[in-house]
1. Taking segment 87-98 on its own, how many of its residues are in a helix (DSSP H, G or I) and either out of contact with any Phe, Trp or Tyr (no Cβ under 8 Å at 6 or more places or on another chain) or open to solvent by 30 Å² or more (accessible area, probe 1.4 Å) (or both)?
2. Considering SER34, SER72, which residue is more than 11 Å from the chain's Cα centre (by Cα), farther than 30 Å from SER121 by Cβ and of a type outside the set (A, V, I, L, M, F, W, C)?
3. When you go through (1) among the aliphatic types (A, V, I, L, M); (2) closer than 30 Å to ALA4 by Cα; (3) not in a helix (DSSP H, G or I) one by one for MET41, which number turns out not to apply?
4. Yes or no: GLY30 under 22 Å from PHE106 (Cβ atoms) and either in a helix (DSSP H, G or I) or free of Cβ contacts under 8 Å to residues at least 60 places away in the same chain (or both)?
5. Give segment 52-80 a look and list any residue that's of a type in the set (D, E, K, R), in a helix (DSSP H, G or I) and open to solvent by 60 Å² or more (accessible area, probe 1.4 Å), or say none.
6. One residue is enough: does segment 12-26 have a residue meeting the conditions loosely packed, with under 11 Cβ neighbours inside 10 Å and among the basic types (Lys, Arg)?
7. Looking at segment 109-121, I want the residues that are under 10 Å from LEU7 (Cα atoms) and open to solvent by less than 60 Å² (accessible area, probe 1.4 Å) and have a partner that is modelled with pLDDT of 95 or more and outside any helix (DSSP H, G or I) with Cβ atoms under 7 Å, at least 6 apart or on another chain. Which pairs are those?
8. Quickly run through segment 92-127 and pick out the residues that are in contact with a helix residue (DSSP H, G or I) (Cβ under 6 Å, 6 or more places away or on another chain), under 18 Å from ALA67 (Cβ atoms) and of a type in the set (A, V, I, L, M, F, W, C).
Amino acid sequence: MHDAGLLLLRVGFALLMMPHGLAKLDRYMGSLNSGEPVKFMNFLGLGADASLLLTVFAELAAPFFLAIGFKSRWFAGIAAFCMAVAAFWAHRDDPLKEKEHALLYFIAFLVLALTGPGRYSLDALLHKNED
């Protein structure tokens, strides 16, 4: 049951995160098509474009790989970091109800980064012969 729980946590949260990444990718593409500058948080002086693209990676690509269970700890860590930035940086002055989703994703992805993907994952299949 432990591995089934990790599978549900991993796939469920990854699939729920991906539409957020798709929306941000659409936002970036719309900015490119319109010629308007990207409007997004400038995290650590990286610039709005780079910050948005890194967020797209963390909310779309990382959850995809997490859902299939490939390099799960790494990709869960990337997604957890992104959600920590969202909750504790971008929404730091917002009330709890405004940062609650980011915190829920942060906790789920952090748990997966710490526990790993479980037996029902591509990681387990690829490393089966190492045991």
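The values are calculated or read from the model by the stated rules, or taken from the named source; none is laboratory data. Owing to the predicted nature of the structure, the values given are computational and were not obtained by experimental measurement. Note that each Cβ is placed from the backbone with ideal geometry, even for glycine, and that neighbours are counted across all protein chains shown. Side chains included, ligands, DNA and RNA excluded: accessible areas come from the protein's heavy atoms. Shrake-Rupley method; radii C 1.70, N 1.55, O 1.52, S 1.80 Å.
1. 6
2. Selected residue: SER34, the only one of SER34, SER72 that is more than 11 Å from the chain's Cα centre (by Cα), farther than 30 Å from SER121 by Cβ and of a type outside the set (A, V, I, L, M, F, W, C).
3. The one condition MET41 does not meet is (2).
4. No; evaluated as a whole, the condition is false for this residue.
5. ARG73
6. No, that holds for no residue.
7. Pairs that qualify, where the first residue is under 10 Å from LEU7 (Cα atoms) and open to solvent by less than 60 Å² (accessible area, probe 1.4 Å) and the partner is modelled with pLDDT of 95 or more and outside any helix (DSSP H, G or I), are PRO117/GLY69; SER121/GLY69.
8. PHE106, ALA108, PHE109, LEU110, LEU112, ALA113, LEU122
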